[in-house]
Every structure is written in structure tokens, then in C-alpha cells.
Amino acid sequence: MTAVPGSACAGSAPSGSAVADAPALVLRHDANGVTTLTLNRPAARNALSRAMMSALHQQLNAVAADPSVRVVVLAAAGPVFCAGHDLKEMRAAPDQAAHLATFRQCARLMTSLVRLRQPVIAKVQGTATAAGCQLVASCDLAIAAEQAQFATPGVNIGLFCSTPMVALSRAVPAKAAMEMLLTGEPIGAAEAVRIGLVNRAVPAAALDGTVADLAACIAAKSTRVLALGKESFHRQREMDLGTAYAYTAEVMALNMGLADAAEGIDAFLGKRPPVWPQD
């Protein structure tokens, strides 16, 4: 995989320095309209240090501005998907203001996943805990290997997973979220599917192919319509029933006025594949 310049959170270090030679914290690979962003801090269990969060946010901003990207896959190097915040870094922080800055940065990162115009698929090959579980819950879709586990174990170390709770409680039923938050106990991939945190659990050997097929299926749709649909999905969830219907009626009317809808309907009626207008 290739890294986009600036994806490693380093300054303008001279060539050959330890910083310049350090591997990128987030790798980017593009193919057929699908961009894969890979967390690349396996020795630290892909913990979300402030530098890692900054690197991922930079990559998401770059993807948002790239019209060639239709779908994003969020993956991770090594046996662990993401172990959450970097606890060593947090313990070394000087005061509460520094901690608040970390959690606010994390909130901006998670919100950017939700607000990103492209659909995001989490490809979970291993354990996702605390803010790592939050990362999975913030993605639009998630496919997990059967051995993957998910947990919000902060309560076990005296730090309730309050910020991961925001994404988790929006992805799964309240009682399922509360059990994870109150006990800190991990759940397996099959249980994650049952409660709705994950779409599918597949054998590890099938993970890459399953995600690739799903991404290709979505990438074949109109990017303009996908962006409109993703935005309206998340916005209507924050509304009461009447407001949601009023808002989505306006969205549907807007959608019907797009050339994409005209082409899609004509293709369906004409029994031919659609040829989407250029975005």
C-alpha cells in the first residue's frame, strides 16, 4: 500500500532522519474507486494517539476532496484492529485541559467519518476496544473476521467509555450498549452481528474478498446519490418522526430532479445498465 504525503504525523524532518524514515501512521491505497485507509501502528495495537488521530483525519479530509473516491475501507495492520486511546500518552498528559483536547480531537475524527460524503466500511480483522470500538460504530458498515472481538472496557480501569458510548449507543440497542459499557466484557463477532454493531462475520480467509465485493457493489452506484443518501440518513436520525418525514420528502424531491435519477429510472424501464452522469 502507498501512503499519501503527510499521512505520517511528522514535521519537515530532513531526509534520512529517524522521523523521516518512520513508517506512515495511516496508509492509503486506491483502486477502482475504492480507497483503503489502513491504521499502521501494529506494535502499539493501533492505539489512537493524538498523532494517529491527526493522520487519519488528514487522510479523511483528502478523501473528501477527491472526486475519484466512491467508497472508503477502514482497515488495520497487525492482529489488532484498534485498542482505543493511547493510555501511556494520556497518563503523561499534564492536566485536564490536555485530556479534554484529546477527547475533543477524537470527537472531531469520529464525526468526520459520519459526515464524510463517501460510505465507509470498517474491515475488522481483530480486536476493537474502547475508542477502537467507537471507530467501528462510527463507520457506515462493518465486516468482521469471525475471531474479532469488541469491547468498551474502560470501566475495568476506572475510566467509563463515555465518548465511545456516543457512537455505540447509536449503532446498537440501548440495553446491549449498556451491558457492554457496564461490564466491560468483550463480545464476539457473531454477537456483534446479532446486536447490529457489525453487518457480517466471515472466516478470516474470506474477509478481504467479502469487503472487496461489498465495496465494489457500492462503488457501482451513483456517487452523487450515495452522498445525498448518506447525509440524509444521518440527519433524519437526529429528528423527530414528523420532521424526519418532512426533511426526507424534500430530499427525495431533490433527488428526483437529478440527472442520476432520470438515467437510473430510464435504464430500469429500458432493461439496461445505467450509465451514471459524471460527478
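If you go through the range 142-169 and keep only what is under 30 Å from ILE218 (Cβ atoms) and out of contact with any helix residue (DSSP H, G or I) (no Cβ under 7 Å at 6 or more places or on another chain), you end up with GLN149, VAL166. Sub-8 Å Cβ pairs linking a first residue in the range 259-270 that is touching a residue at least 12 places away in the same chain (Cβ under 8 Å) to a second residue that is among the polar types (S, T, N, Q) and not in a helix (DSSP H, G or I), at least 6 apart or interchain, are ASP260/SER222; GLY264/SER222, ordered by first then second residue. Taken over the range 236-246, the criterion of being in contact (Cβ under 8 Å) with a residue 12 or more places away in the chain and either of a type in the set (Asp, Glu) or surrounded by 15 or more Cβ atoms within 10 Å (Cβ to Cβ) (or both) is satisfied by GLN236 alone. Across the range 211-242, the qualifying residues are those that are within 16 Å of the chain's Cα centre (by Cα) and not aliphatic (A, V, I, L, M), and the one among them that is nearest to LYS123 (Cα to Cα) is LYS230. GLN278 falls short on exactly one of the conditions (1) in contact (Cβ under 8 Å) with a residue 24 or more places away in the chain; (2) outside the structural domain of ALA122 (by TED's automatic domain parsing), and that condition is (1). Scanning the range 35-69 for residues that are among the β-branched types (Val, Ile, Thr) and in contact with a helix residue (DSSP H, G or I) (Cβ under 6 Å, 6 or more places away or on another chain) gives THR35, VAL69.
The values are calculated or read from the model by the stated rules, or taken from the named source; none is laboratory data. Model, not experiment: these values are computed from the prediction. Glycine also receives a Cβ, built like all others from the backbone with ideal geometry; neighbour counts cover every protein chain displayed.
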